[in-house]
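First comes the structure, then the notes that go with it.
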Amino acid sequence: MRAAASSTLRDRVVRDFSESFRSGFPMAELASSFQQYGAWRDALSHAIEQLRRWLESNQLLESEAARRLDVALDRLSEDKLVIAFVAEFSRGKSELINAIFFADYGRRILPSSAGRTTMCPTELMYDESLPPCIRALPIETRARLSTTADLKRSAAEWRVFPVDVDSPDGMLQAFKLVADTVRVPVDEARMYGLFDPDDKDHLAAVDEGMIEISRWRHAVINFPHPLLKQGLVILDTPGLNAIGTEPELTLSLVPSAHAVLFVLAADTGVTKSDMEVWRHIVGDGGSNNHLAVLNKIDGLWDALKSTEEVDGEIARQVGSVSHTLHLDAGRVFPVSAQKGLVAKVTHDKELLRRSQLPRLEAALVNLLVPAKQRIVREQTLAAVERIGSEVRQSLMSRERGLIEQLYELRALQGKNQSSVERMLIRAQSEQRDFESNVRKVVAARVVMSKLSDQAFKPLRLEALRARVLETRDRMRKSRLTPQFFAAIRDYFAALREHLRSSNTKLLEIEQMVLGVQRRFAEDLGWSLPPPMPFSLDTYISELERAEAAYKTHFGALAVLTRDKWALIERFFETVVSKSREIFSSAERDAEAWARSLLPPLEVQVREQRTQLKKRAENVLRIREAQETLDQRIGELEEALEDVQTQLGELKTHAARPRLLAEQDRAPPPARWRGEVDMASYLKVDL
Ligand SMILES: Nc1nc2c(ncn2[C@@H]2O[C@H](COP(=O)(O)OP(=O)(O)OP(=O)(O)O)[C@@H](O)[C@H]2O)c(=O)[nH]1
Ligand SMILES: [Mg+2]
């Protein structure tokens, strides 16, 4: 019975995907773009892995460089594309997600209905280390100050519900969880920060001292849909209420999304509460990854009006949305999610065209894929090519050393013993002289370690913790509103100062390394690639964004009630959690950067030292007549040939990632072309 159901659903999803690919039905563009992006990323990873293996087998991979390559590979494999859907309730977010991503299931996957439906922020993703399931965080966790991000680290806090992906009904049933509510006494809701006695809407919702609230605080749906498997993450959010009360949405989840779709409905226009959501979560509207969707345009379809009249009405609404949101009209997309979903399920091309969903999907792809691809390409190639050039430098210095030795030994041919003697003295003295360079590098390492300590100290979690404790203490002791606000203002200022002082020290490190490199260039003619530019500015901006969000929420308050006070405390804890994230990423990046600065020079010094040592030994052996000159010359010629072969191979291996990365769109993998292969791909454990 189960097998039969599974094969029916699987067959249908396989057939729909195949058909949409063959017919060019719009899902195809979105799906195939993600698919191609995934294939491009995989090919790039593969080229880097090949380079890594080649370096390793040629003993050319220093541990520091290996670590950097692994970081680049991990980044590629963990690469995610996040799309957030944000709106006041009932604007059609969930319906839009169903229509854009899940129409292949032939039905609604996410619950969508009139009134409030999605009660908690919901992430849809696929993590293959977990079985298909829904993880839900109980609302009671709001009584504590811990944030969702903190709680994500402790599995015990989450309830896990299995999802039977073989059964569409079972799946649908499971997904209804995001709409679960509970009735609780007002005081309990107040404890969770979900009831504000000053809020008229909250008061109106009270029924015999009880109020209905979401049963869950956050849900993560893990299931193996082909797009989610490619690293797509979809964030569905409830309306304003949750946005006001779950600061993480404002501070973390939505700002870190690669695209934010702000959904409005044509039947309501832009209401005051829509504007509030826009202001709270989308901020100034200046960011270039925001799109506005004017949903439910089917409400404007009117059999008694001409197409032109209806189109004119839609265009007027788009114009008014664009004006009100200060958003370019090209970024406002009128659609009918509901009709789009129906059209896809019934394969009605005309209805799909009228729903205008394909235009939104194309814009989404254009907004997401090229930008993401560019960032990933730049980051990855910068890391990989640097390693390639460091290895090339060290191979070239080995080559130079061998050529010099060969030159000297060839010059000895036919010469007498005293020439050998002279050469030995010269070789040994050059070897000794070079030790001063070794000492220079050792000294640089000592200075570096001292400066690094100073640079990282303000970024360490202990430093942050001290600020947090101090601020919490001040907040607790505040008697008056201004004192309370001042504590938070000073917290942000202090953190900014930490990042700035660390930035200054990092600049000193960069100058120091440049100085050392300059001396090596002057004394020995070495040219080393200058340090990669690095600063903590992006983290300073992130902190400033958190501060701006805090000001948007609370800046206008002059006097705080007890409930608002508690709300700000809760918000502050999210800020703390965000600060922790910022500081630990800043520390990690700064450390990785600093750690990568000296090794190329050290490798070169080590290489040169070995060459000089070998050279002195060569001459010594020749003097002692342990080896004939010709034999030694032969060995050196062989070694030179090896190095030159390695240089040639390195060129090919190191160039491959760029060659691949610059193909903007990798060709679709072969398995997409035939239906049989498609079936095996779409096995997707449905
Ligand atoms: N006519 C029409 N109705 C739509 C359209 N899209 C959504 N709806 C309806 O609008 C209602 C709300 O849709 P949802 O998808 O639940 O809206 P939501 O934004 O997810 O709402 P919450 O989950 O409560 O935040 C449902 O009854 C949908 O059927 C559309 O394009 N046209
Ligand atoms: Mg919803």
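The values are calculated or read from the model by the stated rules, or taken from the named source; none is laboratory data. Predicted model only: the values in this text are computed from it and were never measured. Every residue, glycine as well, gets a Cβ built from its backbone with ideal geometry; the counts of neighbours run over all protein chains shown.
Points to keep in mind about this one:
- Among the residues examined, VAL71 does not qualify as modelled with pLDDT under 95, β-branched (Val, Ile, Thr) and more than 27 Å from GLU662 (Cα to Cα).
- Selected residue [under 26 Å from the mean Cα position of the chain (by Cα) and assigned by TED's automatic domain parsing to the domain that holds PHE89] from HIS326, HIS280: HIS280
- Condition check for GLU581: over 30 Å from VAL446 (Cβ atoms), among the acidic types (Asp, Glu) and in contact (Cβ under 8 Å) with a residue 24 or more places away in the chain: yes
- Qualifying strands (runs of 3 or more DSSP E) (wholly inside the stretch 67-181; at least 2 residues being within 16 Å of ligand 1 (Cβ to nearest atom) and under 30 Å from ALA363 (Cβ atoms)): 81-86, 122-125
- LYS344 being out of contact with any strand residue (DSSP E or B) (no Cβ under 8 Å at 6 or more places or on another chain), touching a residue at least 24 places away in the same chain (Cβ under 8 Å) and either within 16 Å of ligand 2 (Cβ to nearest atom) or part of a helix (DSSP H, G or I) (or both): yes
Per-residue answers, yes or no, for (1) within 30 Å of ARG400 (Cα to Cα); (2) touching a helix residue (DSSP H, G or I) at 6+ places or on another chain (Cβ under 6 Å); (3) not in a helix (DSSP H, G or I):
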position	(1), (2), (3)
SER436	yes, no, no
VAL442	yes, no, no
ALA455	no, yes, no
LEU469	no, no, no
ASP473	no, no, no
PRO482	no, no, no
LYS505	no, yes, no
GLN511	yes, no, no
GLU547	no, yes, no
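- Criterion violated by GLU188 - all others in (1) away from ligand 1 (no atom under 16 Å from the Cβ); (2) not in a helix (DSSP H, G or I) satisfied: (2)
- Number of the condition not met by ASP74 [criteria: (1) free of Cβ contacts under 8 Å to residues at least 12 places away in the same chain; (2) of a type outside the set (A, V, I, L, M, F, W, C); (3) near ligand 2 (Cβ under 9 Å from one of its atoms)]: (3)
- Some residue of the stretch 83-98 being more than 14 Å from ligand 2 (Cβ to nearest atom), more than 30 Å from ILE48 (Cα to Cα) and in contact with a Leu (Cβ under 8 Å, 6 or more places away or on another chain): no
- Test: GLU64 is surrounded by fewer than 20 Cβ atoms within 10 Å (Cβ to Cβ), more than 10 Å from ligand 2 (Cβ to nearest atom), modelled with pLDDT under 95 and in a helix (DSSP H, G or I): yes
- Some residue of the stretch 100-109 being within 16 Å of ligand 2 (Cβ to nearest atom), of a type in the set (A, V, I, L, M, F, W, C), in contact with a Ser or Thr (Cβ under 8 Å, 6 or more places away or on another chain) and closer than 19 Å to ASN295 by Cα: no
- Residue identified as modelled with pLDDT of 90 or more, over 24 Å from the mean Cα position of the chain (by Cα) and either of a type outside the set (A, V, I, L, M, F, W, C) or surrounded by fewer than 24 Cβ atoms within 10 Å (Cβ to Cβ) (or both) among GLU95, GLU123: GLU95
- Matching residues in the stretch 212-239 - criterion: being in contact (Cβ under 8 Å) with a residue 60 or more places away in the chain, away from ligand 2 (no atom under 14 Å from the Cβ) and farther than 22 Å from SER129 by Cβ: ILE213, ARG215, ARG217
Quick grid of which residues meet (1) farther than 20 Å from ALA174 by Cα; (2) in contact with a helix residue (DSSP H, G or I) (Cβ under 6 Å, 6 or more places away or on another chain); (3) outside the structural domain of LYS578 (by TED's automatic domain parsing):
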site: GLU49; (1), (2), (3): yes, no, yes
site: LEU61; (1), (2), (3): yes, yes, yes
site: ALA72; (1), (2), (3): yes, yes, yes
site: GLU95; (1), (2), (3): no, yes, yes
site: ASP104; (1), (2), (3): no, yes, yes
site: SER112; (1), (2), (3): no, yes, yes
site: THR148; (1), (2), (3): yes, yes, yes
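- For the stretch 194-243, a residue qualifies if it is within 16 Å of ligand 1 (Cβ to nearest atom), of a type in the set (S, T, N, Q) and not in a loop (DSSP other than H, G, I, E, B), and the qualifying residues are SER214, ASN241.
- Test set (1) within 16 Å of ligand 2 (Cβ to nearest atom); (2) not assigned by TED's automatic domain parsing to the domain that holds ALA292 - GLU56 fails condition number: (1)
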